Amino acid sequence: MQNGPYIAERLMPKIIAEYCEQANIEFQSFSHEWVLRLTKGDITRWVVGYTFDVNRAAAGELARDKVAAYDALQAAGVAAAPHYLVRSLPKELIHDQELHQRLHATPVVAKPLDGTGGRDVHHFSTVDEALTMIRKSGEPAWALSPYFELQAEYRFIMLDNELLLAYEKTQPTSRGQLKLFNLGYGAVAKDISEALMQKLLPAARQVMRAMALRLAAVDMVKLADGTYIVLEVNGGITMEHYARQSDVNKSRASDVYSKIVKALLH
């Protein structure tokens with residue numbers, strides 16, 4: 001059931017169990033702590049993997065789908081990295097002409113449509129190279145986007161339009177031409193300045209409104225020309241690697257999860 005790199009002995013279930021004990025919430029875990037049931041009075045809520053039972057079902061699915069999320073943000077006028085759908089099933093039409101028009105003469109990045117954590121992200125010099133890989137892959141759906149030379153990446157964890165935590169992902173690792181800012185691949189979380197936080201926070205709030213989300217992690221990037229755009233939106237809140245980087249980070253992660261659980265049951 002785990003999507004992304006496997007993490008044994010996850011911290012999140014333990015953090016949530018500790019909070020539930022303090023808050024008089026009944027806590028039960030299933031499927032090797034991958035599924036959590038939280039009960040308070042007549043209210044029962046679920047946590048599956050890193051997805052909390054906070055967002056409405058359709059809004060949560062929107063956040064999982066990179067192409068649909070981009071379409072929603074574009075319609076709302078949010079500056080975001082374009083993502084275009086490619087299907088790899090043999091009998092389904094791949095819109096080659098449309099993709100070539102949108103991504104003409106530019107390197108591209110291919111990602112599984114609902115992948116997380118940098119899973120199977122590839123750089124290609126041309127659309128044709130990407131399509132060759134996609135047609136041979138076992139992944140049914142992919143998102144193609146233009147390649148950007150990223151200068152920095154930031155994560156904003158939002159709940160009910162309020163900021164729970166913001167940090168920069170520094171010291172990215174390299175995979176060919178790609179910079180990977182994923183903490184799971186070795187990037188290091190760093191506090192961002194108050195000035196930059198206030199500059200980017202309106203965009204994060206605009207994302208939440210545009211996608212009708214209560215809870216999400218909004219990833220924004222700085223491009224080579226100094227502009228900022230939304231890269232991706234994640235409905236699941238993964239803080240395993242963040243929490244392991246320092247005691248301060250673990251305390252912050254515990255606070256974030258506690259606030260999310262509180263919102264779940266109120």
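Read the figures in this text as sums done on the coordinates, not as results from a lab. None of these values were measured; they are calculated from a predicted model. No Cβ is skipped: glycine too gets one built from the backbone with ideal geometry, and neighbour counts run over all protein chains shown.
Descriptive notes on the structure:
- Spherically averaged projected area of the convex hull of Cα atoms, the stretch 84-146: 3.8 nm².
- Fluctuation leader among Asp65, Asp114, Asp128 - the chain, Gaussian network, Cα springs under 10 angstrom: Asp128
- Anchor Lys250: lysines whose Cα lies under 20 Å away (excluding residues fewer than 8 positions away in-chain): Lys14, Lys169, Lys190, Lys259, Lys262
- GNM flexibility winner over the chain from Thr116, Thr126, Thr170 (Cα, springs under 10 Å): Thr126
- The stretch 11-52, relative contact order in percent, only Cα pairs under 8 angstrom and at least six apart counted: 26
- Rounded to whole numbers, the Karplus 3J(HN,Hα) couplings from phi for the stretch 146-151 are x, 7, 10, 7, 7, 9 Hz, using 6.51 cos²θ - 1.76 cosθ + 1.60 with θ = phi - 60°, and x at Gly and Pro.
- By the count of other C-beta atoms within 10 Å, a proxy for reagent exposure, Leu73, Leu89, Leu164 are ordered fewest to most as Leu89, Leu164, Leu73.
- Given (i) 126; (ii) 172; (iii) 139, the label whose value is volume of the Cα convex hull per residue in Å³ derived from this model: (iii)
- A Gaussian network model of the chain, with springs between Cα atoms under 10 Å, assigns the largest mean-square fluctuation among Gly77, Gly138, Gly117 to Gly138.
- Using a Förster distance of 30 Å, the FRET efficiency for Gln198-Ala76 (Cβ separation, nearest 0.05): 0.90
- Electrostatic dipole magnitude of the chain [Cβ: Lys, Arg +1; Asp, Glu -1; Cα centre; debye, to 20]: 80
- Per-residue Karplus couplings for the stretch 154-163, computed as 6.51 cos²θ - 1.76 cosθ + 1.60 with θ equal to phi - 60°, are listed in order as 10, 10, 10, 9, 10, 9, 6, 6, 10, 7 Hz, Gly and Pro entered as x.
- Theoretical FRET efficiency, 1/(1+(r/R0)^6), r = Cβ-Cβ of Gln22 and Ala212, R0 22 Å, to 0.05: 0.10
- Contact order for the stretch 84-146, expressed relative to its length and based on alpha carbon pairs under 8 Å spaced 6+ residues apart, stands at 48 percent.
- Under Karplus coefficients 6.51, -1.76 and 1.60, residue-wise ³J(HN,Hα) of the stretch 189-198 in Hz, glycine/proline x: 6, 9, 4, 9, 5, 4, 5, 5, 4, 5
- Amide H contacts for Val78 (H built 1.01 Å from N in the peptide plane; partners 5 or more residues away or on another chain; cut-off under 5 Å): none found.
- Rel. contact order, % - alpha carbon contacts under 8 angstrom, at least six apart, the chain: 21
- Spacing of the two label points (7 Å from each Cα toward its C-beta) at Arg205 and Lys136, in nm: 4.9
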